[in-house]
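Structure record follows, encoded as C-alpha cells.
Derivation of every value follows stated rules applied to the coordinates shown; laboratory data play no part. Everything numeric in this text was worked out from a predicted model, so none of it was measured. Glycine gets a Cβ as well: all are built from the backbone with ideal geometry, and neighbour counts include every protein chain shown.
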Amino acid sequence: MDMRARLALEDLARRAVAADLDQVVAEVDRLRRELTALRHAAGLPAGRELDRLDRRARAIELRAEGHSTRSIAAALGADRNTVSRDLAGVPRPPAIRGLDGRVTAGPPPPAA
C-alpha cells in the first residue's frame, strides 16, 4: 500500500469514528431530553433536587402506580440501587410497567 492510499484510509477511518461519536452524542442528548420530559410529567424538579424522604415517598407512589424500579430511578434521577433500598418492604404491584412501556406480571405471591 503506497503512502497516498494509507493516508486516505486513515482519513476515512478518522471520519468514520467522528461520525460514530456524533451519533453517540446525539443519542445522549435525546435521552437527556426524554428524561427531562419524564421527570416533568412526574411532577419532579429538573435536577436531582429531591431530599431522601421526598424521593422515598415519590418512589412509593410510582411503585403503587405499577412502575418498575428502573423506570422509577430514571424518573427520580436516582440510582436503581438507591430506589431499591427506598422500596425495601414495599409490596410489588401485580403488574409492572417498565422503561419501554411494556407491562409484565409482577412476582408470584409468596409461598404459604
message = If you average the alpha carbon positions of region 1-43 and of region 50-112, how far apart do those two centres end up, in angstrom?
response = 33
ask   = Which of V83, V17, V25 moves most in a GNM of the chain, Cα contacts under 10 Å?
value = V17
remark   = Once the dipole of the chain is set up from charges on Cβ (+1 Lys and Arg, -1 Asp and Glu), the residue from the list A42, S68, L53 lying farthest towards its positive end is L53
inquiry  = For a test of the definition: using alpha carbon positions, the gyration tensor, and the 1.5 limit on a/c, classify region 1-41 as rounded, prolate or oblate.
reply    = prolate
note = Taking Cα atoms only, Rg over Rh for the chain with Rh from the Kirkwood formula is 1.27
inquiry  = With a 10 Å cut-off between alpha carbons and a GNM built on the chain, which of R32, R92, R102 moves the most?
reply    = R102
request  = Using amide H atoms built 1.01 Å from N in the peptide plane, name the residues 5+ places from H67, or on other chains, whose amide H lies under 5 Å from its own.
outcome  = R97
